[in-house]
Amino acid sequence: MQPLARSFYLQGTLLAARALLGKTLVRRFDDGRIATGRIVETEAYTQDDPACHAFRGLTKSNKTMWGAPGHAYIHINYGLHYCLNAVTAPEGVAEAVLIRAIEPQENARLLWRNTFGEPPEEPTDDGAFDTLARADRRLTSGPGKLTRALKVDRAFDGTDLTSAAGALFFGDGDDDVPDAAVVTTTRIGITKGADFPWRFYVRASPFVSRR
């Protein structure tokens, strides 16, 4: 699978947040194994948005947001959970899209092990285990959950999402998500800019973090 081109991240942050629905998140682990997930929930954050980390200017922790588009920006939420964002504006303009939820696809059993440790006693067959893991909402139905399952932390800050050789990138999905299948609503877990309708999710997905 080829990664999305850098130009994808320059179409405008709100447009990119909507367009990322249905795309595939690809994670390549150190041992060569690959896990993938379909992006089903996103949120947009722009530089003039009071909820954006860059609203008050450049800092050591948010400097990746000010860099080139198509890179990963990783922040820590409430000092507990890592959150994966894609930088979505030209260099010098700090904007990003938060990936809130994915549906596990390839190698979901690896995500299960990363989250819970050893597999359940049943089923013992790897194929059946993968099917069971793909249906487990506890894995990736939230920004902190998906980074835990994918083993993504601050070390991934600045990762080039346009490189197929990298450990993390976004590629085209199997299908485009039609507008009728998408819900646009206000963002979650913020107080400033809470009325902005900048959250997008796939209506039918069971992995959406909150309805």
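Taken together, the values in this text are just the output of simple stated rules run on the coordinates, not laboratory data. Remember, it's a predicted structure, so these values are computed and weren't measured experimentally. As a convention, Cβ positions derive from the backbone with ideal geometry for all residues, glycine included, and neighbour counts pool all protein chains shown.
Bridgeable lysines around Lys151 (alpha carbons under 26 Å apart, same-chain partners fewer than 8 residues away excluded): Lys23, Lys60, Lys63. For the peptides 23-31, 143-151, the ranking by packing is 143-151, 23-31, with the highest mean count of neighbouring Cβ atoms within 10 Å listed first. Listed from fewest to most Cβ neighbours within 10 Å, the set Thr13, Thr115, Thr59 follows the order Thr59, Thr115, Thr13. Only helices enter this figure: runs of n ≥ 4 DSSP H residues, each worth -39500 (n - 2.57), summed and divided by the residues of the chain, yield -4500 deg cm²/dmol at 222 nm to the nearest 500.
By per-residue mean of other Cβ atoms within 10 Å, what is the highest-first order of 131-140, 48-57? Spell out each step's value before the answer.
Working: 131-140: 18.8, 48-57: 15.5.
Peptide ranking by packing, descending: 131-140, 48-57.
Its Cα centre serving as origin, the chain has a Cβ charge dipole (Lys and Arg +1, Asp and Glu -1) of approximately 680 debye.
Just how many % of Cα pairs in the chain lie over 23 Å apart, if you round to the nearest whole percent? Of the Cα pairs, 41 percent sit more than 23 Å apart.
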